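Report on the following structure.
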Amino acid sequence: MTEPAPLTLFMLPGSPRVESASPFCVKVARALNLKGLPWRAVYAGRRLKTLENPSGKLPVLQHGADLLSDSAAILTFLDRLQPEPPLTPRDPADAARARVLESWASLAFYPDLLYLRWVIDANYARYKAAFIDPWPREQRLLTRRRVLRDLRSHGVGLQDLPQVLSALRRRLDDLDALLRDAPFLLGESPSRADLALFSVTGALVLGTTPEAEPLVRERTALWAWLQRTDARTRRPA
Ligand SMILES: N[C@@H](CCC(=O)N[C@@H](CS)C(=O)NCC(=O)O)C(=O)O
């Protein structure tokens, strides 16, 4: 009999092109892979939200009897569980830079991604066909009405598409510039900053947001880093 995997990642389901529709779930999945930790996925959706999940959001990592939510907190926990390779740089200033870049992914890029996926009708149809319709109802989490309401209260939902794309272009330029001199954002090896920004910018090139795809592909340092980070963090076959 095989040993049960000690780590279970409750996550939103994905598609043949990516582990999960949620960049936060992809970020944790890739962190587990990078550390070489064995883990298994459980597709959770609404059921976990109402029954077991302390935060109401995915991902949630189960370690023994403990449930941990929030991808940033989970990465910090993984560094304690398995220190090598570190996701948080050992140098305190680099650790701070990594966390700032990680929050840039969730506070700036993630709302752009949600806008492009859920507000634009044609993209929502693509997203629904790839990431919602194939899965049973209990594995789904968000409704379009909820996401549109949250985006309006965030502010991005009140903007038009040209405004959102102009802000996204600026951010992608900044990310591309940060990647010109080193293979990863904080130097020679991937950190939590790379995992967070890889997950959310990688989600822009999955066939559901055609306005954003060329913006990512044409930035050469950014595009090469996406491939490099993917290769370093993919689950071994
Ligand atoms: N800060 C959280 C954010 C996670 C998050 O927003 N997850 C989304 C899926 S991408 C979610 O579960 N949303 C459900 C909800 O807002 O009710 C993290 O880093 O894990």
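Maximal additional length on extending the THR220-ASP173 stretch stands at 15.9 nm, based on 0.36 nm per residue less the C-alpha distance.
Expressed to the nearest 5 percent, the antiparallel share of DSSP beta bridges inside segment 7-81 is 65 percent. Couplings for segment 142-151, taken from phi via the Karplus curve 6.51 cos²θ - 1.76 cosθ + 1.60 with θ = phi - 60°, read 9, 10, 4, 4, 5, 5, 5, 5, 4, 5 Hz in order; Gly and Pro are left as x. Under 5 Å from the amide H of ALA41 lie the amide H atoms of LEU9, each residue being 5 or more positions distant or on a separate chain, with H modelled from the backbone and absent for Pro and chain starts. In this rough spin-label picture, where each label sits 7 Å from Cα along the Cβ direction, the ARG40-ASP121 distance is 4.4 nm.
Remark: the LEU67-ALA108 segment gains 12.1 nm on full extension, using 0.36 nm per residue and subtracting the alpha carbon distance. For the chain, DSSP calls about 65 percent of its internal beta bridges antiparallel. Of all segments of the chain bounded by GluC sites (Glu not before Pro) found in a DSSP loop with no more than 16 other C-beta atoms within 10 Å, the longest spans 53-187.
The phi torsions of segment 207-222, fed into the Karplus equation with coefficients 6.51, -1.76 and 1.60 and a -60° offset, translate into couplings of x, 9, 10, x, 5, 8, 4, x, 5, 7, 5, 7, 8, 5, 5, 5 Hz, rounded to whole numbers, with Gly and Pro shown as x. When LYS27, LYS128 are sorted by how many other C-beta atoms sit within 10 angstrom of their C-beta, beginning with the fewest, the order is LYS128, LYS27. Derived scalar couplings between HN and Hα for segment 17-28 equal 9, 7, 4, 8, 5, 8, x, 5, 5, 4, 4, 6 Hz in order, rounded to whole Hz, by the Karplus curve 6.51 cos²θ - 1.76 cosθ + 1.60 (θ = phi - 60°), x for Gly and Pro.
Exposure proxy shown here: for LEU158, LEU101, the number of other Cβ atoms within 10 Å sets the order, fewest to most, as LEU158, LEU101. Note on the chain: with a GNM built from Cα contacts shorter than 10 Å, the maximum mean-square fluctuation among GLY36, GLY45, GLY202 falls on GLY36.
Considering only ALA44, ALA98, ALA224, the mean-square fluctuation computed in a Gaussian network model of the chain, springs between alpha carbons under 10 angstrom, is largest for ALA224.
Computed from the coordinates by the stated procedures, all read-outs in this text should not be read as laboratory data. Predicted model only: the values in this text are computed from it and were never measured. All Cβ positions, glycine included, derive from the backbone under ideal geometry; neighbour counts span all protein chains shown.
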